[in-house]
1. Report for the stretch 22-105 the percent antiparallel among DSSP-assigned beta bridges with both residues inside it, nearest 5.
2. Arrange the peptides 9-20, 181-192 so that the one whose residues have, on average, the most other Cβ atoms within 10 Å appears first.
3. Any idea what the dipole of the chain comes to, in debye rounded to 20, about its Cα centre with Lys/Arg Cβ at +1 and Asp/Glu Cβ at -1?
4. Mind ordering 169-176, 257-264, 217-224 by average Cβ neighbours within 10 Å, highest first?
5. Run the dipole for the stretch 1-152 about the Cα centre, Lys and Arg Cβ at +1, Asp and Glu Cβ at -1, nothing else charged, and hand back the magnitude in debye, nearest 20.
6. Expressed in nm², what is the orientationally averaged projection area of the convex hull enclosing the Cα positions of the stretch 56-97?
7. For the stretch 65-179, what percent of Cα pairs sit more than 18 Å apart?
8. Any idea what the relative contact order of the chain is, in percent, if you count C-alpha pairs under 8 Å spaced at least 6 apart?
Amino acid sequence: MLDWKEIAQFAQEIAHEAGNLIRQERKQQTISLNYKTHQELVTSADLKSDQLIRSRIQQRFPEHQILSEELAPDYSSPELLQSQLWIIDPIDGTVNYARNHQMCAVSIAYAEAGQVRVGAVYCPFLEELFHVIQGEGSYLNAKQLQITMQTELRSALIGTGFPYNREERPKLIPKFQKMLERCGDIRRIGAASLDICWIAAGRMDGFFETLSPWDFAAAQLVVREAGGKIGHIGEVPPNVPPELYGLDLIVGAPAIFEEMQQVLRSA
């Protein structure tokens with residue numbers, strides 16, 4: 001059995017190292033831009049950050065598997081999701097990053113048997129590190145986090161996002177409209193890992209979107225350990241770990257979670 005505290009310390013160190021790298025890359029204005037499928041932006045800093053994180057993990061834990069957005073994005077294998085697995089997003093919020101916004105982060109999670117055990121989400125431009133060990137609470141820098149006690153959806157601040165694939169966007173509109181009719185207001189920050197961590201920090205009350213594992217693996221544990229709830233609009237396939245399944249994800253304060261789920265299922 002690996003020492004999760006050792007894993008957590010290592011994850012935090014490489015999150016800081018990658019965060020410092022992407023901050024320096026932007027400061028030097030040496031970033032090059034390219035596009036993946038569906039007009040999804042990727043920068044040279046994404047690739048450098050990914051390579052740095054992967055190399056550190058491979059040096060320290062050569063027997064572990066790595067799932068990363070840029071260099072190893074295939075998560076179709078059930079065996080992979082059940083392995084000793086690092087799940088990384090070298091820059092979550094790449095468009096924000098490229099446009100000199102502050103809301104972007106390095107996200108690193110470690111999972112065993114389909115369960116996330118350790119997470120680190122670092123926003124270098126705000127110098128905020130969200131970190132968590134399963135069963136030991138979640139923290140923002142040195143402060144322990146507690147989920148918002150929001151009890152009414154009509155007063156709640158809810159986060160969401162939109163897919164890069166324009167053909168997928170119409171599917172979201174009915175859900176967006178239903179939620180907007182029922183909640184206090186909606187925010188679209190552009191970095192899902194921070195959206196979710198902000199719920200743990202009490203800055204928002206809920207969140208819904210379809211994501212990939214690297215977008216939310218670390219952040220969802222931050223929320224769980226702060227007392228929040230995670231679920232889905234539909235059913236999770238039997239061969240997929242729920243903590244790594246991102247289709248129609250819902251995150252929220254306990255008192256409003258079921259109402260959020262009902263609203264989104266009615267759309």
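Only the coordinates and a few stated rules stand behind these numbers; no lab work does. These numbers were taken from a predicted model, which means no experiment stands behind them. Please note: Cβ atoms are built from the backbone with ideal geometry, for glycine as well, and neighbour counts cover all protein chains shown.
1. That works out to approximately 55 percent antiparallel.
2. For the peptides 9-20, 181-192, the packing ranking is 9-20, 181-192.
3. 680
4. 217-224, 257-264, 169-176
5. 440
6. 3.5
7. Above the 18 Å cut-off, the stretch 65-179 has 67 percent of its Cα pairs.
8. Relative contact order comes out at 18 percent.
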